[in-house]
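Below you'll find the structure, written out as structure tokens, and then a few comments.
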């Protein structure tokens, strides 16, 4: 959720564009896979007549992928709890070794160990990072997924007054060789306070 610093302020236009393009690519891959699966199914409706409803999207995902969505949601909550209880160490335990962080207004950070060096603010008991997942989508191959939602970062200013920063994030998850899901890409940026709405 949080990148190379405790704040999401000062977004870089280039970084935002790069991040959007990257996430759009992931979403396109997931969309194509889901579409091919639906078209291959016996009796599948043609694009011109297929209803555009969330129920159809959920049905096209398939039971196995739907089960993986539930696993990702559980992991998101576990990751937040680990960050609160164990700080940076707990948070980073959900990252893959080759993960990439795309902090707002800063250079990308490559590799789990390099990302770990930027997460020390989670060890400060005055800081608390929470987030709410709005959507999780899993590829029909069940080895790649993404989630997105909103976050809140609670801290104290120089005068020890409580402050809250709001923002949005997206995370890409990849199933590892041992079958466990790990974060392989994460990005977020500050924004006005948003109301969470669960999409799936």
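The values are calculated or read from the model by the stated rules, or taken from the named source; none is laboratory data. Everything numeric here is computed off the predicted structure, so don't read it as measured data. Here the Cβ positions follow ideal geometry from the backbone for every residue, glycine too, while neighbour counts run over all protein chains shown.
Only one of the numbered conditions (1) surrounded by 14 or more Cβ atoms within 10 Å (Cβ to Cβ); (2) more than 19 Å from residue 103 (Cα to Cα) is violated by residue 163, and that is (1). Per this entry, residue 122 is counted among residues that are more than 17 Å from residue 71 (Cβ to Cβ), modelled with pLDDT of 95 or more, in contact with a helix residue (DSSP H, G or I) (Cβ under 9 Å, 6 or more places away or on another chain) and surrounded by 18 or more Cβ atoms within 10 Å (Cβ to Cβ). For residue 180, the test of being closer than 30 Å to residue 62 by Cβ, surrounded by fewer than 17 Cβ atoms within 10 Å (Cβ to Cβ), under 12 Å from the mean Cα position of the chain (by Cα) and at pLDDT 95 or above is failed.
Filtering 106, 38 for residues that are surrounded by 12 or more Cβ atoms within 10 Å (Cβ to Cβ), modelled with pLDDT under 95, part of a loop (DSSP other than H, G, I, E, B) and more than 18 Å from the chain's Cα centre (by Cα) leaves a single hit, 106.
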